[in-house]
1. Between residue 56 and residue 18, what is 0.36 nm times their sequence separation minus the Cα-Cα distance? Round to one decimal in nm.
2. What nm distance separates the two modelled labels at residue 46 and residue 63, each placed 7 Å from Cα along Cα→Cβ?
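Every number here is computed from the coordinates shown, using simple stated rules; none is lab data. On a predicted model such as this, the values are computed, not experimentally measured, just so you know. Ideal geometry is used to build each Cβ from the backbone, glycine not excepted, and the neighbour counts take in all protein chains shown.
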Amino acid sequence: MMKAFDIKEIKVLSLYCSGLQCNKISLLLNMSLSTVNSHLNNARKKYELNNYSELRALFHFLINNHLINSFFCNCCKLKKLTQLPKIAKQPNC
């Protein structure tokens, strides 16, 4: 089973992956700098990643994968698209 980020990790990761520095994130989310660093470190350890670049890459992948899957599943359920692009296979929803 795939491990999941908790809501606070997602908030911190979203801002971190947007390019904000940890001190700015702490101000925006009204949490201490050590708490921001703890969330980042916990998220990194959860997936056994070696560094924060790998964490950023994983987070972007998971978000993009979720958006793509949501799009195709909604298309299957709602039957709003009559033809999907040739390169995309319609998943079994």
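1. Here the answer is 12.7 nm.
2. 1.5
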